[in-house]
Every structure is written in C-alpha cells, then in structure tokens.
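Some notes on the structure that comes next.
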Amino acid sequence: MPGTMRRAIYPGSFDPPTFGHLDIAERAAGLFDELIVAVGENSDKAPFLPVEDRVAALEECVGSLRNVRVTSFRGLLVDFARGQGCHVLVRGLRAVSDFEYEFRVTMANRRLAPEVETVFLFARDEYSFLASSVVREVNRLGGDVSEFVPEAVRRRLGHSV
Ligand code: ADP
C-alpha cells in the first residue's frame, strides 16, 4: 500500500543479545520501513542482564541503523504492539525445536489480537545453534563467549564463577 508505513516489532528477552539476534534484527530492518527491537521485562524471573543493559547493548549494535529503535516493554506483547500501532511481529526460527513453542505463542497472540501477524525468519546456519541460555551457561562457567555475543554485550557480563 503506497503511503503506508510498514512497522514491525522484533520482541524477545535478549538475555543476553547474541549474534543470532543481531542477524535477525538487521535482516528484519531490511524488510520493513521501521523496526522496533523490544526487550521484554519479565518480572517473575531474575534476569541474567538487567533490562537497561540489554537495551543499551542492543542500541550500540543496531541502534545506528536508521530505521531501528530499541526499547523495553512490560506486559502483553500484543498490547505493546497495539500501543505502537504495529501489526507485524518478527521472530527467528533456529531449528525444528523452536517450532512448537513459537507455534503456541503465535496462536495465543492471534487469539488475543487477530489483526497482528507474526512472521518468521530462519536463522543463518552459523547461528542456528546459538541460544542465550548457552551463553549464560558458558559465561557462568568462565568460558569465552566472544564467538557468541558482540563486544557491547561482553563488556556488560559479570563472571559469577
Ligand atoms: P524469547 O523471546 O522466547 O525469550 P529470545 O529472546 O532468546 O527468546 O529470542 C527472541 C527471538 O529471537 C525468538 O524468536 C528466537 O527464536 C530468536 N532467536 C534466538 N536466538 C536466535 C539465533 N541464534 N538465530 C536466530 N534467531 C534467534
């Protein structure tokens, strides 16, 4: 539709952001006029990185792309999307193992907000094994995570071992 701004949200915990997340954000930014990278604040679980650090690290990495904005949100994703006037959610898929969870969340979001579509981008193969949970574990055990996360994230990691 000419004259219509195509705005999308890439939501996630990003705890911490990895090269896989950055790749999805960059590719999504190339597909839409505007991309909001939205860091979810989940208050019932203590985060690995505080939400401000996740937002700041993502801003350092993708905030310089002219059509990307990074922010945090609380509560229901579909409410946040509606508040932003946004009808597209972007998610990444790594392997078949991601499918079931993503399918359930997508169907729930569709019930809650039928006007919001979720689109999926497949992970690049070099990042298809990469998960925030692996980074947390490697970091906890004192391993080098420089293959997995950018310097903006590494700088913010504590070593708990
Ligand atoms: P969640 O929002 O479920 O807590 P994450 O914050 O880890 O998950 O990830 C946000 C989105 O990015 C999800 O759609 C997830 O599948 C996707 N993602 C995570 N890691 C990668 C990766 N290495 N490559 C591509 N997509 C990824």
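The values are calculated or read from the model by the stated rules, or taken from the named source; none is laboratory data. All of these numbers come straight from a predicted model, not from anything done at the bench. Counting neighbours? That spans all protein chains shown, and the Cβs are built from the backbone with ideal geometry, glycine included. For accessibility, only protein heavy atoms count, side chains too; no ligands or nucleic acids. Shrake-Rupley method; radii C 1.70, N 1.55, O 1.52, S 1.80 Å.
List the trypsin sites (Lys or Arg not before Pro) within region 1-69 that fall in a DSSP loop (any state other than H, G, I, E or B) and whose Cβ has at most 11 other Cβ atoms within 10 Å. Mind dumping the intermediate values first?
On the way: sites: 6, 7, 27, 45, 54, 66, 69; in loops: 6, 45, 66.
Counting only loop positions with at most 11 other Cβ atoms within 10 Å, the trypsin sites (Lys or Arg not before Pro) in region 1-69 are 45, 66.
Work out, step by step, the length gained on full extension between residue 27 and residue 154: first 0.36 nm times the residue separation, then minus their alpha carbon distance; give nm to one decimal.
Here the answer is 43.5 nm.
At a 1.4 Å probe, what is the % contribution of carbon and sulfur to the accessible area of region 1-157? Write down the numbers at each step before the final one.
Details: 4540 of 8640 Å².
Its accessible area is 53 percent carbon and sulfur atoms.
Considering Cα pairs under 8 angstrom that are at least six residues apart, work out the relative contact order of the chain and quote it in whole percent. Display every interim value, and only then the final one.
Values: 236 pairs, mean separation 45.8, N = 161.
Dividing the mean separation by the residue count of the chain yields 28 percent.
With the radius of gyration and the Kirkwood radius both derived from the Cα set of the chain, what is their ratio Rg to Rh?
Numbers: Rg = 15.6 Å, Rh = 16.3 Å.
Dividing the radius of gyration by the Kirkwood radius yields 0.96.
Would you mind pulling out the separation of the Cα centroids of region 1-32 and region 87-107, in Å?
14 Å
Okay, which of region 108-131 sit inside 17 Å, backbone N to the point 7 Å along the Cα-Cβ direction of residue 102?
It comes to 108-110, 117-131, nothing else.
Can you give the accessible area per residue of region 7-156, in Å², using a 1.4 Å probe?
Values: 7950 Å² over 150 residues.
I get 53 Å² per residue for this part.
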